[in-house]
Amino acid sequence: MRMLDIIRRAGRSLRSAKARTLLTSLAIAVGAFTLTLTLAAGNGISAYVDRLVASNFDPSELIVGRDKEVENTGAPDSSPREYDESVASVSFGGQGNLQLKQISDDDIKKLESLSYVKQVRPNYQIDARYITREGSKRYSLSVQSYNPGQKPELSAGTLPGRDLKPGTLVLPEAYVKLLGFKDAKSAIGKTVDIVTQQPFTEEAMRSFLASGALTQPGATTPEPKRQTSVFTIAGISKPSVTSLATAGLPVLLSSSDAKALYDFTSAGTQNHGKYLYAYVRVDGAEDVKVANDAKKKLKAMGYSVVTSQDLQASLQTIVAVLQSLVAVFAIITIIASVFGIVNTMYISVLERTREIGLMKALGMRSKSVAWLFRIEAAWIGFLGGVLGATVAVLLSTAVNPLLTKQLNLGKGNTILMNDWGQILLLIAALIFVAILAGWFPARKAAKLDPIEALRTE
């Protein structure tokens, strides 16, 4: 008997027992539905992670620090510690602190002297007081140096290449109305003032006390020196789920302006000339091998190094773990459905014993009989796979706009991305699993003696 005839006969047999076929297929469909959604979610999140890394980290730059690892001390430690000027204590969510060994200007010079290093940009920590313009109120702000790897989305203006022009800045959209501008476009080319304050150091206080000025009638402690810097607005940044440059509403300055403000606000303090980390540009680091070679060299010098590939791999690992956890439940469902197929096929063999005997009596070989029942099992796997995958695709298509809006993913970003290649492979895998499930019932049918089978009532 030809395989095509066997397939057709198997289809007719299943149609004659529609209820049983449907119920058995539904068990497969549940697993197929869950796996399809799991794969779609994994694809969507992975694509989002890739866009996130690509939008915020220049692959040619390595993030270099002094610590081999970051120490999370949990609750703030009040016990005495050995003093180390190279260690900065950073608050961590109000629950504790991070002890970070900083890099210094000497480290920056050492890194700049390396032949394979093209540029070193320290991460300047700038303490700005407020931003304002004539006729407007004062508003607090966060200031960062422009990072070409972090590409903010703009509602007006243009972005430069490697750095902003000195004397210009990128202003967050949230400040436009507050500072009295009509809209983002009208703010381009206008100026704003950023006020910074020089710290009043212990040395300055000792000098003041030594002068005897405090003993004079009506004497007051001196006010820290303030500086007003005027900047021209080159661009207006808007919130973006794929850009870390707009997280926390930072005002972006050129590297030279950021350094000038950093020097002014940290002069005379123990943190002057020290940085939590620096961006080190290595030409060709887009290549994994080049990046890893540079990483090995820098680690051998005692630095901690993170590449864009490291960040991407870490995030993708988290995605893979979560995806695997969901997939386990789907696989358990499919395993349970396998037993359902086995049971269905055994019942079918018992109910059709006389039919099997007649087919054999008419010349049908045992091999063909076995394949008849295996193909029936394959049909169940196919129907369940197609049904489950179809429902999952329709559901993901319907809910994607809602999820995108609810999660504020932005235009062009979806959380569920179906891959038809994956879906076809999934259906093929389910067909194979179903054939395996029907193997033993098919074997039983093939071994039936035709005479004994025909005697069955």
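Name the residue, out of Ala204, Ala234, Ala184, Ala245, that is modelled with pLDDT under 75, touching a strand residue (DSSP E or B) at 6+ places or on another chain (Cβ under 8 Å) and of a type in the set (A, V, I, L, M, F, W, C).
Details: Ala204 fails: touching a strand residue (DSSP E or B) at 6+ places or on another chain (Cβ under 8 Å); Ala234 fails: modelled with pLDDT under 75; Ala184 fails: modelled with pLDDT under 75.
Step by step, each of Ala204, Ala234, Ala184, Ala245 is checked, and only Ala245 is modelled with pLDDT under 75, touching a strand residue (DSSP E or B) at 6+ places or on another chain (Cβ under 8 Å) and of a type in the set (A, V, I, L, M, F, W, C).
For Glu286, the criteria (1) among the acidic types (Asp, Glu); (2) part of a loop (DSSP other than H, G, I, E, B); (3) buried (at least 17 other Cβ atoms within 10 Å of the Cβ) hold in every case but one, which is (3). Number of residues in the stretch 169-179 that are farther than 15 Å from Arg133 by Cβ and surrounded by 21 or more Cβ atoms within 10 Å (Cβ to Cβ) equals 1.
For Ile415, indicate whether it is within 19 Å of Thr21 (Cα to Cα) and either of a type in the set (A, V, I, L, M, F, W, C) or at pLDDT 75 or above (or both). Break it down stepwise before answering.
Values: within 19 Å of Thr21 (Cα to Cα): no; either of a type in the set (A, V, I, L, M, F, W, C) or at pLDDT 75 or above (or both): yes.
It is false that Ile415 is within 19 Å of Thr21 (Cα to Cα) and either of a type in the set (A, V, I, L, M, F, W, C) or at pLDDT 75 or above (or both).
When we screen Asp263, Asp310 for residues that are of a type in the set (Asp, Glu) and either farther than 20 Å from Ser229 by Cα or surrounded by 16 or more Cβ atoms within 10 Å (Cβ to Cβ) (or both), the only hit is Asp310. Screening the stretch 113-133 for residues that are under 15 Å from Asp193 (Cα atoms) and charged (D, E, K, R) and picking the one that is surrounded by the most Cβ atoms within 10 Å (Cβ to Cβ) gives Arg133. Of everything listed in (1) modelled with pLDDT of 85 or more; (2) surrounded by 14 or more Cβ atoms within 10 Å (Cβ to Cβ), the single unmet condition for Pro160 is (1). Residue by residue through the stretch 294-321, note down the ones that are of a type in the set (A, V, I, L, M, F, W, C) and in contact (Cβ under 8 Å) with a residue 40 or more places away in the chain. Answer for the stretch 294-321, where residues must be of a type in the set (A, V, I, L, M, F, W, C) and in contact (Cβ under 8 Å) with a residue 40 or more places away in the chain: Ala294, Leu298, Met301, Val305, Val306, Leu311, Leu315, Val319, Ala320.
Listed by first and then second residue, the pairs linking a residue in the stretch 160-185 that is assigned by TED's automatic domain parsing to the domain that holds Ser140 and of a type in the set (Ser, Thr, Tyr) to a residue that is surrounded by fewer than 20 Cβ atoms within 10 Å (Cβ to Cβ) and at pLDDT 90 or above, with Cβ atoms under 8 Å apart and 6 or more places separating them unless they lie on different chains, are Thr168/Thr232; Tyr175/Tyr139. For the stretch 134-144, residues that are surrounded by 19 or more Cβ atoms within 10 Å (Cβ to Cβ) and either within 24 Å of the chain's Cα centre (by Cα) or farther than 28 Å from Val282 by Cα (or both) total 1. Pick from the stretch 134-157 the residues that are over 20 Å from Arg51 (Cα atoms) and assigned to a strand (DSSP E or B): which of them is modelled with the highest pLDDT? Selected residue: Tyr139.
The values are calculated or read from the model by the stated rules, or taken from the named source; none is laboratory data. Note that the structure is predicted; figures quoted are calculated from it, not measured. All Cβ positions, glycine included, derive from the backbone under ideal geometry; neighbour counts span all protein chains shown.
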